[in-house]
Amino acid sequence: MRDHGLCQQCLKEKQIVTADLVHHLREVKEAWHLRLTLSNLVSLCNACHNREHGQRGK
């Protein structure tokens, strides 16, 4: 609801794309206590989510 169902990364690039999932900024396996904290969550489309996880591995 907070992000109105839109990918927040795409909005930064002035594109309107429906969000497919909620991404944890700090991974759940590293910060279980933040799993439901709104400041640790962001709505992303699949493409942005895949880019985010691809960048973490580098």
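In whole percent, what relative contact order does the chain give with Cα contacts below 8 Å and a gap of six or more residues?
This gives 37 percent for the chain.
Determine, from the Cβ-Cβ distance of Val28 and Leu6 and an R0 of 25 Å, the FRET efficiency 1/(1 + (r/R0)^6), rounded to the nearest 0.05.
0.65
Could you work out the per residue convex hull volume over the alpha carbons of the chain, in cubic angstrom?
81
Please give the per residue accessible area of the chain, computed with a probe of 1.4 Å over protein heavy atoms only, in Å².
Result: 77 Å² per residue.
Would you mind telling me the share, in percent, of accessible area of the chain contributed by carbon and sulfur at probe 1.4 angstrom?
Carbon with sulfur: 56 percent of the solvent-accessible area.
What does the helix-only formula give at 222 nm for the chain: each DSSP H stretch with n ≥ 4 adding -39500 (n - 2.57), the total divided by the residues, and the result rounded to the nearest 500 deg cm²/dmol?
-7500 deg cm²/dmol
Which GluC sites (Glu not before Pro) in the chain sit in a loop by DSSP (not H, G, I, E or B) and have at most 10 other Cβ atoms within 10 Å of their own Cβ?
Passing both the DSSP loop test and the Cβ count: Glu13, Glu30.
Check which residues have an amide H placed less than 5 Å from Ser43's amide H, if you skip close sequence neighbours.
Gln8, His23
Taking C-beta distances below 4.7 angstrom as the pairing criterion, name the unpartnered cysteines of the chain, in sequence order.
Cys with no partner Cβ under 4.7 Å: Cys48.
Taking amide hydrogens as modeled 1.01 Å from N in the peptide plane, which residues meet the under 5 Å criterion relative to Glu27, leaving out close sequence neighbours?
Those qualifying (amide H under 5 Å, at least 5 residues apart or on another chain) number zero.
The values are calculated or read from the model by the stated rules, or taken from the named source; none is laboratory data. Note that this is a predicted model, so its numbers are computed, not measured. As a convention, Cβ positions derive from the backbone with ideal geometry for all residues, glycine included, and neighbour counts pool all protein chains shown. Side chains are part of the model used for accessible areas, which takes the heavy atoms of the whole protein and leaves out ligands, DNA and RNA. Shrake-Rupley method; radii C 1.70, N 1.55, O 1.52, S 1.80 Å.
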